[in-house]
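Nothing in this text is a laboratory measurement; each read-out follows from the coordinates by a stated rule. Just so we're clear, the structure is a prediction, and the values are computed from it rather than from any experiment. Please note: Cβ atoms are built from the backbone with ideal geometry, for glycine as well, and neighbour counts cover all protein chains shown.
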């Protein structure tokens, strides 16, 4: 199972809340420009897979900016997403998924992962579970951290899929440490404030 000893403190020191708010602010600015020109918000213009990639790029940049010099953003399409600058820091690979989906990539790459899951509500923060209730605004509901090995991925290459994909196995993902959780936007029914992947 994934180890994340030391990761929680690291993520806290890089001001995860500030990074999330920075991502929201950037998305709001994009939406404001689009809507002012008579367009739909970005979440209703692009495919969800592309929206997830965009969120990853934005929150990755915001994490680097908020890290107080611990991290810098890697080049686009290079692994890992965040490169350590200070001694003792560990590289971070970012993955983003919608609602209850598990994060995935094209290749199984070992390392420390920070995963973000989001839902789509409205600009004022209202959210309803289910595809029918999706709105135009991104809200991050969960962030997890863990050290992932190659054999922690399930490989899929089925017809109709977007090429070969490597999905973090359910039992592995569930064991990753939650470092941020907003129950208001949780797409799971909660039991005693918890959900299946809460750890």
Sorted by Cβ density within 10 Å, fewest first, the residues 123, 129, 134: 123, 129, 134
Packing-based exposure ordering (other Cβ within 10 Å, fewest first) of 168, 155, 30, 55: 155, 30, 55, 168
Rg to Rh, two decimals, where region 29-123 supplies the alpha carbon set and Rh follows Kirkwood: 1.02
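Neighbouring Cβ atoms within 10 Å as the yardstick, rank 138, 167, 35 fewest first.
Details: 138 26, 167 19, 35 14.
Arranged by neighbour count, lowest to highest, 138, 167, 35 become 35, 167, 138.
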Cα pair distances exceeding 14 angstrom across region 51-94, given as percent: 41
Virtual spin-label span in nm between residue 79 and residue 151, 7 Å along Cα→Cβ: 1.8
The chain: equivalent-ellipsoid semi-axes (sqrt of 5 x gyration tensor eigenvalues, Cα, Å): 25, 20, 18
Relative intensity, log₁₀ I(q)/I(0), of region 68-128 from a Debye sum that treats every alpha carbon as a point, q = 0.20 Å⁻¹: -0.84
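Would you mind giving the average projected area, over all directions, of the Cα convex hull of region 126-199 in nm² with one decimal? Intermediate results must be reported in sequence, preceding the final value.
On the way: hull surface 26.4 nm².
Mean projected area for region 126-199: 6.6 nm², to one decimal.
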Theoretical ellipticity at 222 nm over the chain - DSSP helices of four or more residues, -39500 (n - 2.57) apiece, nearest 500: -8500 deg cm²/dmol
